[in-house]
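Q: Submitted below is the structure of interest, expressed as structure tokens.
The values are calculated or read from the model by the stated rules, or taken from the named source; none is laboratory data. All figures in this text were calculated on a predicted structure; none of them were measured in a lab. Cβ sites come from the backbone with ideal geometry, for glycine too, and all protein chains shown count toward neighbours. SASA here: full protein model, heavy atoms, side chains in, ligands and nucleic acids out. Shrake-Rupley method; radii C 1.70, N 1.55, O 1.52, S 1.80 Å.
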Amino acid sequence: MAGERGNGWLRGIGDRVRRIIERPGSADLLRYRPVVDAAGEFEDEFRELSPQGLIEAAGKVRAEPDRPFEAEELARICALGREAARRALDERPFDTQLLGVVGLLRGYVVEMATGEGKTLAGALAAAGFALRGRKVHVVSVNDYLARRDAEWMGELYALLGVTVGFVDQHTEPDRRREAYACDVTYVPVSEVGFDVLRDRMCTDAAEIVLPDPDVVIVDEADSVLIDEATVPLVLAGSIDHGHDDIDVAHVVRELVESVHYEADGDRRNVFLTDAGIDHVQELLGDVDLYTVEQADQLTRIQLALHAHALLHRDVDYLVRNGKVELINAARGRVARLQRWPDGLHAAVEAKEGLDTTPTGTILDSILVQALIGRYRTVCGMSGTAVAVADQFAEFYQLETGAIPTNVPCIRTDEPDRLYVTEDAKFDAIVEYVRSVHEQGRPVLLGTASVAESERIARTLVDAEIGGVVLNAKNDAEEAGIISRAGEFGRVTISTQMAGRGTDIRLGAVGEQDYERVAELGGLCVVGAGRYHTGRLDDQLRGRAGRQGDPGSSVFFTSLEDEVLVNHVRPVQPRAVDEDGQVRDADAQRTMDHAQRVAEGEHLAMHRNTWRYHHLITIQRDEVLRHRGEVLRNDLAAERIRERCPERYESSEAEAGAAVTAEAARLIVLHHLDRRWSEHLSHLADVREGIHLRALGRETPIDEFHRIAVEEFGTFLATVYDRAADTFDHAEITADGVDLEAAGIEGPSATWTYLINDNPFGSHEQRFADYVGGKARQAAIELGLRD
Ligand code: ADP
Ligand code: MG
């Protein structure tokens, strides 16, 4: 039995495990072994309990919420959870899983390999927190997983007397409120963020759906907390329009790379050359773009050029049903809720000849990092956490610890096979897949993009191998397909994130089939290239060799791969085979180097973005604290009465005290929200401008802080001045205040989206870099710089 085998790690810890656990920056979670042992001692006792007895035993855990867990209590929680899981799922949590539960309850990011049962460990920890009276959000990367996990673990929670709910993008507001009222709520990170943003616009406390943030358990923690940390979640509203959409897409289409424009090495920025500027000015009818009047035009051209040269259909986005749908670069999948910052989104639509969607005003936005920072307790789990332990510490003050697998992993990870050209690499992949497939061994082929998946799929069809392609169109459907990737004779082609969170068992249902596939060597994972971080490589590798299964992994790479081309100088291999395979070790090592450079760049970007957003986050909290008081108390009435006492009294006489106070509240809320939206937009402008000033002597971030603090100093005074002015002129009757007549109606519609500017830097920044680049170029030409 797996559970029996699994106890091996408790007695003798292999060298491999020790190496993982002693990696710098990570905590030793094995020190909680005594707790797990103690849980084992409760096992027989709890097995005898009646269902009611189990709930009562669970109820005893409920104690003062603000006391840290004691060891014995942790042991009881583990033992109760184990018994409930056994009854509900017919799965007895392994000791390793309980160790994970203790790690989570103690507030760590816990690394447990793919297939080790993190869903169950997370649920037991969530139940543990809930039994202590805490409110828990289990945050997932998509809707499908939130729903699946809430349903899968539902009975387990019921046996412990813990209530559970889930939220996805289709959940109606009332249902959301109910789901959040449960002890444990499963929710995708984007949805909880959108609820935070929508809640902060409420003008009636009863409309709020979210309770105060308490505990969050983040599944796929590195993906959410590191890779997507700087993704802004946005609430926009249609307030004022009036964008003149001059189509410049046709102008940039005429431009030729290297003649009229150049992209920088990692293809994040694109610049018009002098010849390009001349040509554009000619095409537009002899205008001078570098004048103040033409500044907007220049921006639009830059956006159009960016859309034309750097964003590629089927790599960066798809066009479906007349709409542009983004492909999230980090996940290699369609991000339906995502948009680029408005100007760029419209530029891509124009490039594809689609109608451009209206732009709105950003009412508020929050970064994923700030969203997670709201919770009192943060913990999480992932198959790849230790590699970013220092970043968890830096950005979230979290410690990370690894947990060994229940059964030793016997997967063989072969060294990369490096080729000179991409074509040679693809040929080699096809030959390799053919040889493995001929034996009937299942193959899972991981690619970096939808376009690459499709290219490989076509090649495999031509080679009469075939295969199922997953390209990130529907999470639930994908999960169904990927769960079968371990069957005899299957070839599955998948982008990195497709079907994430889905378990791949060997063989079709039935033990015999398992044996057949296991004898062949289990699942064979093939990477069609290394990703921009080793963590993604490891996620793919980890799909093979789950829970002690046999399996193997190998990556095919080429000197033409983007990761290499974009991050290191061209490599001159010394030893190349006939088939184009590179044999010298130095060349092979450059891939690791390129990956480290890419990871370093991402970290630098994360730090920089957070430096700007940290202060905004603090200011936002302050505004929201004040807003909460206005919403719940009579603060608005008091302040307005102070500012216009006569008008206030006459209104009270005419419309009554309660109506007048409510009018004051609505007016103040309106100006508070509007001022915040203005403040955000102003700071975005400042940030852009700052990069221009970076050419001078000032330190941009200090300058940004100086301006942001100064602006904020008058924030509330401005709000109340405007509110008093509105109140003075507003029509207030027994029916309330006429918002429309007062010109302070709320937005006619609001919508939410994520901005896709990760991991390649914000658009504003790219544009500022571009203008900065132009200015630097000019300075060089004038001999002012070298
Ligand atoms: P992870 O998220 O760590 O990759 P999952 O939570 O998806 O893993 O679980 C992987 C598989 O392991 C699931 O099919 C689950 O039913 C199974 N599993 C988890 N815990 C146990 C257990 N204690 N005993 C038997 N099977 C388990
Ligand atoms: Mg999982």
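Q: For a label point 7 angstrom out from the Cα of Ala734 toward its Cβ, which stretches of region 652-685 have the backbone nitrogen within less than 15 Å?
A: 652-660
Q: Using a 1.4 Å probe and ignoring any ligands, DNA or RNA, find the accessible area of His682 and quote it in Å² to the nearest 10.
A: We get 70 Å² for His682.
Q: Quote the accessible area belonging to Trp152 in square angstrom, nearest 10, computed with a 1.4 Å probe and with ligands, DNA and RNA left uncounted.
A: Its accessible surface works out to 110 Å², give or take rounding.
Q: Hey, another quick one. What does the highest-first list of 171-183, 434-446 look like by mean Cβ count within 10 Å? Please list the in-between numbers first.
A: Details: 171-183: 16.6, 434-446: 19.4.
Answer by packing, highest mean first, reads 434-446, 171-183.
Q: Calculate the FRET efficiency for His593 and Asp264 from the Cβ-Cβ distance with a Förster distance of 25 Å, rounded to the nearest 0.05. Write down the numbers at each step before the final one.
A: Details: r = 20 Å, r/R0 = 0.78.
The value I calculate is 0.80.
Q: Further, regarding this structure: For Thr163, what residues show an amide H to amide H distance below 5 Å, using hydrogens built from the backbone and excluding near sequence neighbours?
A: Asp183, Val184
Q: May I pose another question? Could you compute the net charge surrounding Val576? Neighbours are other residues with a C-beta less than 12 Å from the C-beta of Val576; K and R count +1, D and E count -1.
A: Numbers: positive: Arg574, Arg583; negative: Asp577, Glu578, Asp579, Asp584.
Spelling it out: positives minus negatives among the neighbours equals -2.
Q: From the protein chains alone at 1.4 Å, what is the descending order of accessible area for Met605, Met381, largest first? Present the calculation step by step, with values, prior to reporting the outcome.
A: Values: Met605 30, Met381 5 Å².
I get Met605, Met381, largest accessible area first.
Q: Right, something else. Under the Karplus relation 6.51 cos²θ - 1.76 cosθ + 1.60, θ = phi - 60°, what is the ordered set of whole-Hz ³J(HN,Hα) values for region 374-391, x standing for Gly and Pro?
A: Result, ordered by residue: 6, 6, 5, 10, 10, 8, x, 9, 6, x, 9, 10, 4, 4, 10, 4, 5, 6 Hz.
Q: If you rank Lys323, Lys118 by how much accessible surface each has, with a 1.4 Å probe, what is the order from largest down? Before the final figure, lay out the partial values.
A: Numbers: Lys323 120, Lys118 30 Å².
If we order Lys323, Lys118 from most to least accessible, we get Lys323, Lys118.
Q: Could you order peptides 366-377, 297-308, 566-577 by the average number of other Cβ atoms within 10 Å of their residues, highest first? All intermediate terms of the calculation are to be shown ahead of the outcome.
A: Values: 366-377: 20.3, 297-308: 23.1, 566-577: 14.3.
The densest-packed peptide leads the list: 297-308, 366-377, 566-577.
Q: Here's something else I'd like to know. Lys323: which aspartates and glutamates have alpha carbons under 12 Å from its alpha carbon, excluding same-chain residues fewer than 8 sequence positions away?
A: Reachable aspartates and glutamates: Glu349, Glu352, Asp355.
Q: Now for a separate question. Nearest 20 debye, what's the magnitude of the dipole of region 412-599 about its Cα centre given +1 on Lys and Arg Cβ and -1 on Asp and Glu Cβ?
A: Working: 22 positive and 34 negative charges, 83 e Å.
About 400 debye.
Q: With a 10 Å radius around each residue's Cβ, average the other Cβ atoms per peptide and rank 650-659, 224-233, highest first. Intermediate values should be presented prior to the final figure.
A: Values: 650-659: 15.2, 224-233: 24.8.
Result, highest mean Cβ count within 10 Å first: 224-233, 650-659.
Q: Would you mind telling me the share, in percent, of accessible area of region 412-599 contributed by carbon and sulfur at probe 1.4 angstrom? Walk me through the intermediate numbers first.
A: Details: 3670 of 7950 Å².
The C+S portion of the solvent-accessible surface of region 412-599 is 46 percent.
Q: Please list, in chain and number order, the residues 5+ apart from Val491 or on another chain whose amide H is under 5 Å from its amide H, with Hs placed from the backbone.
A: For Val491, whose amide H was placed from the backbone, the distant partners under 5 Å are Val443, Val468.
Q: Answer with one residue from Gly446, Ile429, Ala485: the one whose Cα lies farthest towards the positive end of the charge dipole of region 411-491, charges on Cβ with Lys, Arg +1 and Asp, Glu -1.
A: Of the listed residues, the answer is Ala485.
Q: Around Ala307, what is the net charge, scoring Lys/Arg as +1 and Asp/Glu as -1 over all other residues with Cβ under 10 Å from its Cβ? Intermediate values should be presented prior to the final figure.
A: Details: positive: Lys351; negative: Asp316, Glu349, Glu352.
Charge balance near Ala307 sits at -2.
Q: Size of the dipole of region 636-749 about the Cα centre, Lys and Arg at +1 and Asp and Glu at -1 on the beta carbon, nothing else charged, in debye to 20? Intermediate values should be presented prior to the final figure.
A: Details: 12 positive and 24 negative charges, 113 e Å.
Here the size comes out at about 540 debye.
Q: Place a +1 charge on the Cβ of each Lys and Arg in region 601-646 and a -1 charge on the Cβ of each Asp and Glu, then give the dipole magnitude about the Cα centre in debye, rounded to the nearest 20.
A: Working: 9 positive and 8 negative charges, 31 e Å.
That gives region 601-646 a dipole magnitude of about 140 debye.
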